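Some notes on the structure that comes next.
The values are calculated or read from the model by the stated rules, or taken from the named source; none is laboratory data. These numbers come from a predicted model, not from an experiment. Positions of Cβ are generated from backbone atoms using ideal geometry, with glycine treated the same way; all protein chains shown enter the neighbour counts. The accessibility values were calculated without ligands, DNA or RNA, using every heavy atom of the protein model including side chains. Shrake-Rupley method; radii C 1.70, N 1.55, O 1.52, S 1.80 Å.
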Amino acid sequence: MNTIFRKSMLSVAGLAFAGGVFAGPIAAHAATPAVDAKPVAVAVQSAAPKPQGEQSHITLNDEQTANVKAIIAATKKAGLPERAAVISIATSLQESKLENLGHLGDRNDHDSLGLFQQRPSSGWGTPEQITDPAYSTTAFLKGLKQVDGWQDMALTDAAQTVQVSAYPDAYAQWEQQATDLVAQHWNS
């Protein structure tokens, strides 16, 4: 049943992706003013929704901190704002606690790997690609960019639209820590 549900959700996501490819960029370009006098960081921060619900926090080790920095670097390379890094880090906190997961044997969720528990069998890439933090973040961000209005929606909704998790509301608990990590490392 879970496999059928996931495949259905992936089909819906594929249709949304196709619609975004053909209509999204044109519509978005037409609605964008030619000149925006506000600094980008201020506009993004003021538009970001407040964290939802009770927040969780973990202490990070050196590997996890390096993965935070890799997610931020990939976000900057993709030309996306801090909000995209916040969503990415919160998603990774939920999926792997910012640990680059290899195959977990019986504890593995199907063939999920890496920071985002992406699955080779679902088209996210090869196991080697998915366990590369830069690649897996870029793959996540490509999915995020296809979500209309991701910049202004609740973090958990944006993450869930990309991830299609069995626990769609779980991402929200990591928003404050992800926001703090981006504020700490964005300019470092």
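Things worth noting here:
- Along the axis of the charge dipole computed for segment 58-188 (Cβ charges of +1 for Lys and Arg, -1 for Asp and Glu, origin at the Cα centre), the listed residues PRO120, LEU80, TRP150 are led at the positive end by LEU80.
- Computed accessible area, LYS97, all protein chains, 1.4 angstrom probe, square angstrom: 70 Å²
- Surrounding net charge for ALA134, when Lys and Arg each add one and Asp and Glu each subtract one, Cβ distance under 12 Å: +2
- Within-15-Å neighbourhood charge of SER188 [Cβ basis; K, R +1; D, E -1]: -1
- Each Lys and Arg contributes +1 and each Asp and Glu -1, all at the Cβ; summed about the Cα centre of segment 80-163, the dipole is approximately 80 debye.
- Count Lys and Arg as plus one, Asp and Glu as minus one, and take only other residues whose Cβ is under 14 Å from that of ASN67; the net charge is then -3.
- Ignoring aspartates and glutamates fewer than eight residues from LYS142 along the same chain, the ones with Cα atoms less than 19 angstrom from its Cα are GLU82, GLU95, GLU128, ASP132, ASP152, ASP157.
- Heavy atoms of THR131 accessible to a 1.4 Å probe, total area in Å² rounded to 10: 50 Å²
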